[in-house]
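The values are calculated or read from the model by the stated rules, or taken from the named source; none is laboratory data. Only a predicted model underlies this, so the values are computations on that prediction, with no experimental measurement involved. Here the Cβ positions follow ideal geometry from the backbone for every residue, glycine too, while neighbour counts run over all protein chains shown.
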Amino acid sequence: MRITVEKITVHTKRTFAIARSAHDAFERVILTLEGNGANGRGEAAPTAHYGQDADSAVEALRSVRVEDPWDIEGTLAANGHLPPASKAALDGALHDLAAKRLGVPVYRLLGLARPAPVSAYTLGIASRETTLAHAERLASYPILKMKVGGEEDIETVRAVAESSEADIWVDANEAFSPEEALAVVRELAGIGVKLIEQPVPAAEGPRALQAATEAAAPVPVIADESAIIAVDVPGLAGCVSGVNVKLAKCGGIRGALAMIHTARAHGMLVMLGCMVETSLGIAAASQLSGLADYVDLDGSMLLADDPYSGLGYEKGRILLPETPGLGVEPR
């Protein structure tokens, strides 16, 4: 088994700003497994918020050992030292390789129907005029997710909601204190948004999310930064409407399935999200999109220079090919 690790830099079409940061370039790491005439690829999308960066992901992935690539569970367990984003790359590469060898898409390998997800398209924090112009250009997209970090951004949400026919989701990325969040979510509910994501810092605990969820009702509140892996989910049951599952947080497809099944066991909604990733990373998450209530897999749609092809994008809909594996290849 030949193992290669490559660091790449991708750029967004416009600066991507959220409550805690703003970037127009992202470093990603690609793991490739090659053997017996087939190859499998996976993407690591590390973020500083979770204590990871591209250089540490490269170092971690160079330590990967694969004895039997068919043994996905055993290989992931044997490489359990990997941080989550790096583990997601290994997980993706193993699934891609196995499905290619079997001649089926990954969703078939998992026993799932072919998904046809409709994703939200994210609008980063910007001036009201810039955001309104951007929303107008996206008039054919049925769901717009808006990042917010302060009261001025709430007014921008109001302006977009009044001018757009799209469903509006709002993501605060932990921007508001528990006290501030109560008024914010009530205001957003009054505006008519359809979903609110992580209004309070994860460090404030489940009770702060519960108070925000009760204040926002009937609009669902989804935990993101508070829900990293499956063991985080039970403690949020009854405190939040659902959880945002991201492969880069939970370690890939297997970790995501564990989160999804745990959430369902507790009667919770499931949102499937992403980082700013190439089509390779988005393709891995998309295999599971039929299991989610909400899909936010627009990471590659935001890129100016996506280095992979294979996925189709049509007004927010992600079109997965029927080709074996994850369905994407380098351009």
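Here are the numbers for the structure shown:
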quantity: Any hit, the stretch 128-140, residues being at pLDDT 95 or above, aliphatic (A, V, I, L, M) and touching a Lys or Arg at 6+ places or on another chain (Cβ under 6 Å); calculated: no
quantity: Any hit, the stretch 105-119, residues being among the aliphatic types (A, V, I, L, M), assigned to a helix (DSSP H, G or I), modelled with pLDDT of 95 or more and in contact with a Lys or Arg (Cβ under 8 Å, 6 or more places away or on another chain); calculated: no
quantity: Yes/no for Lys87 being under 30 Å from Lys145 (Cβ atoms), touching a strand residue (DSSP E or B) at 6+ places or on another chain (Cβ under 9 Å), of a type in the set (Lys, Arg) and surrounded by fewer than 19 Cβ atoms within 10 Å (Cβ to Cβ); calculated: no
quantity: Test result for Ala93, of a type in the set (Gly, Ala, Ser), closer than 17 Å to Ala258 by Cα and buried (at least 22 other Cβ atoms within 10 Å of the Cβ); calculated: no
quantity: Members of the stretch 1-25 found to be loosely packed, with under 14 Cβ neighbours inside 10 Å, among the hydrophobic types (A, V, I, L, M, F, W, C) and modelled with pLDDT of 95 or more, listed by number; calculated: Ala25
quantity: Any hit, the stretch 52-59, residues being at pLDDT below 95 and not assigned by TED's automatic domain parsing to the domain that holds Ile229; calculated: yes
quantity: Pro142 surrounded by fewer than 18 Cβ atoms within 10 Å (Cβ to Cβ) and touching a residue at least 40 places away in the same chain (Cβ under 8 Å); calculated: yes
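Residues checked against (1) at positive phi; (2) among the hydrophobic types (A, V, I, L, M, F, W, C); (3) in a helix (DSSP H, G or I); (4) in contact (Cβ under 8 Å) with a residue 60 or more places away in the chain:
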| position | (1), (2), (3), (4) |
| --- | --- |
| Val184 | no, yes, yes, no |
| Pro199 | no, no, no, no |
| Leu209 | no, yes, yes, no |
| Thr213 | no, no, yes, no |
| Ala227 | no, yes, no, no |
| Val231 | no, yes, yes, no |
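For (1) within 24 Å of Glu329 (Cα to Cα); (2) within 19 Å of the chain's Cα centre (by Cα), each residue gets a yes or a no:
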{"site": "Val10", "(1), (2)": "yes, yes"}
{"site": "Ile18", "(1), (2)": "no, yes"}
{"site": "Ala22", "(1), (2)": "no, yes"}
{"site": "Val29", "(1), (2)": "yes, yes"}
{"site": "Gly37", "(1), (2)": "yes, no"}
{"site": "Gly40", "(1), (2)": "yes, no"}
{"site": "Gly51", "(1), (2)": "no, yes"}
{"site": "Asp55", "(1), (2)": "yes, no"}
{"site": "Ile72", "(1), (2)": "yes, no"}
